[in-house]
Each structure stands twice: as structure tokens, then as C-alpha cells.
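Written below as C-alpha cells is the structure these notes are about.
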Amino acid sequence: MDEAEFFKSWNKSSTVRHQTPFIESTEKDFYFFQVVTLVSEREARIVRRFRFPMYKSYQRLYFSEDNNLMLEQLEGRKVQLYEWFGDSGSTKNGVFQIVKRLHMYPYHLEPRTPFLTLNTPCFERYIDFNDEIEAFVIIETRTQKQIAKIPRTALFMNGKETPVLMMKRFKWMDSRFFKYITAGGIERIIDTQDDFKEVGYNVIQDINTADDSIRHFYDSFPPFGPADVSISLDIIQNKYKSA
């Protein structure tokens, strides 16, 4: 694939004078990708087929719940947003075209997990921490503009916790609601479109919210066993061969 067809001209620019742009200085190859959804223990479904560059350095790809947006994390805390454009007459085959380089993305707040926690499932919004006003805020992804300030009554900071630690107990439920575990072990469900009111709560027993070794309190699932991994790979490989 011709790089000129894939990369936007501004994507090749550098913010530092005389500095070689990342995509020109980093070795890469274009590969054929497939996004596969596991429908059940024995059924897999291919939902996206596309070509995309794979860099020799750090690179992670994440997909929105409807697989129409993709977030790419690269070396040097570079984060880019892509949008899906399907080929004529096909919902599976197409291309992810770059929408925006997210210069202000709060990469430092993201817990080190295999999934994204700051973004809503649709990827249209994400949470950030504004140091100037010392409060969490909601950012619109495409414009990177602040659209709401989260009041302390909804996401309370006790002065002893850092925003990074607090994000380990935070999770978006959808584009409207998020849930959060307080330092005292109370799970609160907050409605961001109704004055950040609490719409539900739950007391979580035997939880140590100060345990810094836990990567994320909501998604710290136990690892797959060898049998689980083997079954999942067999499903995907068989589906790939028959595609």
C-alpha cells in the first residue's frame, strides 16, 4: 500500500523544527487485519477487515463498541483517532481513516490494562483531570473540548488520593452513566446528563481501595487458563481459514 494514500499530510508533520516525523522515522509494514467478535464459546464473527500499518515499536489498537471508531496508541504517548469507512456494498471490508491526533489525551491517567477505561464505550467522550481547577472533566474526543465539569459531589477527592489511583476505580457504563468506587468501598452510579445525580449505589465488601498493585478494580479478571486460550484461538483460526 502506498503511504501517501493512507497518511494525511498533517499527520507527517512534526511539532519540533527539523525533527523527523514519527511515521517516517519508524520502521513499519502494512498488514491485513480482521476484527473478530466471539459470539459464544463456539462461534466467532468477523466484523471488520482492513489494512493498516504495524510499527516495529510500541503500538496498541482499541475499538469502540460498534467497531466504527479505533484508537491507536503509539510510542511517545501518541494517540490517534480513526473512523471506519466501509467499502460500497460491504459492512466488513473497508478502511480506518484518521480523524484526529489527540494531542491532549490524558495518557498518564490510563491504568496499565489491555483495555481503555477513560473513554466511553462509543469513544466519543473521555474523562480527564483539569489541574487548574483540580477537578475531573468530560472531554469531547473529536474536538478535545471540555463539555462538562464533574462536581466533587459526584467524584469526590479526599485530598489523599491521586487522580491516577482514582481512575483505577472508575468505569463508564455507556455514554451517559459511569460508576465509581469510593475510598470507603461504596460503588456509586452517576448520571452525567441529569446534573450528575447519583442514581444507584452498592456496598462492596472486603475491598482494599488503597491497594496500588491492582491495575483496575472493575476489570481485574483472572487470566485465561491454557485450555481457555487454546479454545479461543481455535475458534478464531478456524473462522479465519473459512473466511
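The values are calculated or read from the model by the stated rules, or taken from the named source; none is laboratory data. Nothing here was measured: the structure is a model prediction, and the numbers come from that model. Because the Cβ atoms are built from the backbone with ideal geometry, glycine has one as well, and the counts that use them run over all protein chains shown.
Before moving on, here are some points about what is shown:
- Candidates R188, R152 - the one that is farther than 18 Å from P121 by Cα and touching a Gly at 6+ places or on another chain (Cβ under 8 Å): R188
- Residue check for I190: in contact with a Leu (Cβ under 8 Å, 6 or more places away or on another chain), surrounded by 15 or more Cβ atoms within 10 Å (Cβ to Cβ), closer than 22 Å to E65 by Cβ and at pLDDT below 80: no
- Cβ pairs under 8 Å, 6+ apart, first in the stretch 95-111 and closer than 29 Å to F217 by Cα, second buried (at least 20 other Cβ atoms within 10 Å of the Cβ) and among the aromatic types (F, W, Y): Y105/Y126; P106/Y126; P106/F129; L109/F129
- Inter-residue pairs, beta-carbon under 6 Å, first on the phi < 0 side of the Ramachandran plot and outside any strand (DSSP E or B) and in the stretch 176-197, second at pLDDT 95 or above and basic (K, R), 6+ apart: T192/R176; Q193/R176
- Residues satisfying the stated conditions in the stretch 144-159, i.e. of a type outside the set (D, E, K, R) and part of a strand (DSSP E or B): Q146, I147, A148
- Evaluation of F224 against the conditions (1) touching a strand residue (DSSP E or B) at 6+ places or on another chain (Cβ under 8 Å); (2) at pLDDT below 90; (3) over 25 Å from Y107 (Cα atoms); (4) loosely packed, with under 15 Cβ neighbours inside 10 Å shows that the sole unmet condition is (1).
- Pairs linking a residue in the stretch 27-49 that is surrounded by 13 or more Cβ atoms within 10 Å (Cβ to Cβ) to a residue that is of a type in the set (S, T, Y), with Cβ atoms under 6 Å and 6 or more positions apart or on different chains, are K28/Y55; V47/T37.
- Complete set of residues in the stretch 58-103 that are in contact with a helix residue (DSSP H, G or I) (Cβ under 9 Å, 6 or more places away or on another chain) and of a type in the set (G, A, S): G76
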